[in-house]
Amino acid sequence: MSPRASSATAHELSRAGLLATLSGEVLSRLAARMRREDVRPGSSPAADGEPGGRFYVVLAGMLTGASSGPLRPGDYFGELVAEQGLPRSSSVRALTPAVVASCDRATFEELVRPLLDR
């Protein structure tokens with residue numbers, strides 16, 4: 001996995017169902033704080049046992065998770081790990097070339113978690 005750009009764009013994030021309700025201003029703040037990563041087929045942006053704390057949004061490609069099944073653009077994962085800060089309990093792997101954006105726990109708590117509490 002390698003950075004393709006320093007951050008995601010607000011437009012990319014607005015396509016994720018969970019984030020679509022955020023205002024343009026909040027989406028821009030979130031996008032600026034998210035790290036964008038290319039993920040090769042067979043690679044994992046979030047491996048089993050890694051320290052938790054990152055929340056991921058799929059921007060392109062297809063991934064699969066042991067507990068989540070197929071993940072397509074607009075899907076997200078890692079919300080429980082980001083919320084609790086626990087080690088990851090299952091790996092997510094790219095089935096095709098993929099692009100994900102992720103944020104740290106503090107960003108998740110501030111900008112994303114309120115959406116899950118609705």
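The values are calculated or read from the model by the stated rules, or taken from the named source; none is laboratory data. This structure is a prediction, so every number in the text was calculated from the model and none was measured. Glycine also receives a Cβ, built like all others from the backbone with ideal geometry; neighbour counts cover every protein chain displayed.
Listed values, structure above:
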item: Residue match in the stretch 77-97 (condition: in contact with a Gly (Cβ under 9 Å, 6 or more places away or on another chain), modelled with pLDDT of 90 or more and within 21 Å of A31 (Cβ to Cβ)); result: no
item: Selection from the stretch 1-19 of residues that are modelled with pLDDT of 85 or more, in a loop (DSSP other than H, G, I, E, B) and more than 12 Å from M34 (Cβ to Cβ); result: R15, G17, L18
item: S43 modelled with pLDDT of 85 or more and not aliphatic (A, V, I, L, M); result: yes
item: Members of the stretch 52-74 found to be part of a loop (DSSP other than H, G, I, E, B) and surrounded by fewer than 20 Cβ atoms within 10 Å (Cβ to Cβ), listed by number; result: G52, G61, M62, A66, S67, S68, R72, P73, G74
